[in-house]
Each structure stands twice: as C-alpha cells, then as structure tokens.
Amino acid sequence: MAKIILTHDVQGLGEAGAVVEVKDGYARNFLLPRNLATKWTRGAEKQIESMRRATRAREMATVEDALAAADKLRAATIQVPVRAGSGGRLFGTVTTADIAAAVKKATGFDIDKRKIELTERIKTTGHYTVEARLHDSVTAPLSVEVVTA
C-alpha cells in the first residue's frame, strides 16, 4: 500500500488535500502520472494545509450560502451556445468547463468545473439536467439548454 496526498478531487477516493492509502499500482500507474496525487513525505504537512486552504476558498462559505445559490440555479435555465451540424449533432461534446462558463455568464456564480457532474455525454442540441455540488451536503440540478451558436 502506498500513502499519497491527493492534489485534486478524485471521485470515490477523496478530496484534494486528503491523505489516503491506495494500492501501489493504482498510485504509480494512474494517480501520480495524471498529477492527481503526490507521494507522502514528512515535509508534506505544509503542502496539505495549503491545499486545504485553496479548497476552502473555492467552496461556498456556508451551507446557507450554498442553499441560496442552489435556489437561484434551480430557477435559471443555462444556455450553452455550440456549433452544430445538421440534425443538431454537435462538433464535439459539451464539457463541464463549457457549462461552468455558461453558469458564470448567466447567473454570476463561479462554479468549479470539477463540481459539475454529467450523467451522460452531451452530443446533440436540446435540454439536459446536470448536477452541481455546491457544498458537501448541497447539490443543485442545473437546467442546461444546448443551442446552436
């Protein structure tokens, strides 16, 4: 087992700054090459604390703020303009970064793209519902309308 520090949120494993033990192969072949984690060392305490501060700065301050943001996001329809061919088929897919930028433009909320969860790949124009994790205990459904630009 390898003891590592997560540098990014990894679904099913933990959030950035968490110290976890994983199998050696998983750390060596997946987490470390993709810069999702670093090896644990005695001097890593300062690095962990700085990551936690950065994570706290990105998150909503309180549950009340997250709930208020969730209410506003539920009421809004987010339009994502894309290039599309005949029949509404997109040239590529709509990414979480595209949705985060559209949310910022439409509502003014700055949501981290890693906090947006797509259940399916968006490859055609139309209406979709995606989830945004605003806080540990608060998620908000986003109504996303993919339209041609």
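The values are calculated or read from the model by the stated rules, or taken from the named source; none is laboratory data. Please read all numbers here as calculations on a predicted model, not as lab measurements. Cβ coordinates were reconstructed from backbone atoms using ideal geometry, including for glycine residues, and neighbour counts include every protein chain displayed.
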Kindly indicate whether THR139 is closer than 22 Å to GLN11 by Cβ and in a strand (DSSP E or B). yes
It is to be established whether one or more residues within region 55-65 are at pLDDT 90 or above, charged (D, E, K, R) and closer than 30 Å to ILE5 by Cα. no
Residues of region 16-27 that turn out to be touching a residue at least 24 places away in the same chain (Cβ under 8 Å), surrounded by 15 or more Cβ atoms within 10 Å (Cβ to Cβ) and under 21 Å from the mean Cα position of the chain (by Cα), as a count: 2
What pairs come out if I take residues in region 127-140 that are crowded, with 18+ Cβ neighbours inside 10 Å and pair them with residues that are in a loop (DSSP other than H, G, I, E, B) whose C-beta lies under 6 Å away, six or more apart or interchain? VAL130/LEU118; ALA132/ILE111; LEU134/MET60; HIS135/MET60
Restricting to region 1-13, name every residue that is surrounded by fewer than 17 Cβ atoms within 10 Å (Cβ to Cβ) and among the small types (Gly, Ala, Ser). GLY12
